[in-house]
Amino acid sequence: MSASNCQCAECGNPLGERRKGQMFCSQTCRQTFNNRRMQRGAELYDLFRALRRERSDAKELNLWTHLCRLELKWQTEDEAARPGRRSYMPPQKAVAILKDKGSLPRGEVLVKPVRRRVA
């Protein structure tokens, strides 16, 4: 993709001459993009933690369905306001950022083992 074809990930304006990895035409666009991600992340945090840690309640409350509906709502908002542009990082970039920051745990147990009582 040549520099003339690249668009700002937020407003869609052409980036023109750009640095490697540049996604935004201005600091305002970068902040708007990241603020939306932070707000949506805050909305997801409690639902996801409950889904992982309080599974019986989460199942009873259909949390997975609520998470999917929330994502669909965001996609609909994005398509109306910013057609053709994603409002999230591509998976490879998101994982790379977490690894670079040291935020992605490695080799840890994902689920604690269940202790069985001896009769």
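The values are calculated or read from the model by the stated rules, or taken from the named source; none is laboratory data. All figures in this text were calculated on a predicted structure; none of them were measured in a lab. No Cβ is skipped: glycine too gets one built from the backbone with ideal geometry, and neighbour counts run over all protein chains shown. Surface accessibility is based on the protein's heavy atoms, side chains included, excluding ligands, DNA and RNA. Shrake-Rupley method; radii C 1.70, N 1.55, O 1.52, S 1.80 Å.
Not counting ligands, DNA or RNA, and with a 1.4 Å probe, what is GLU79's accessible surface area in Å² rounded to the nearest 10?
For GLU79, the solvent-accessible surface is approximately 90 Å².
Could you please state how large a percent of the accessible area of the range 1-99 is carbon and sulfur, counting protein chains only and using a 1.4 Å probe?
55 percent
Which value in nm describes the separation of the simple spin-label points at ASP100 and SER26, placed 7 Å from the Cα toward the beta carbon?
With each label point 7 Å from Cα toward Cβ, the separation is 2.5 nm.
Considering the dipole of the range 1-93 built from charges on the beta carbon (Lys and Arg +1, Asp and Glu -1) around the Cα centre, which of LEU51, PRO91, ALA80 is farthest to its positive end?
Selected residue: PRO91.
Between LEU44 and CYS11, 0.36 nm times their residue separation minus their Cα-Cα distance comes to what?
9.4 nm
What does the net charge come to around ASN34 if you take all other residues with beta carbon closer than 13 Å to its beta carbon, with K and R at +1 and D and E at -1?
Within the 13 Å Cβ shell, the charges total +3.
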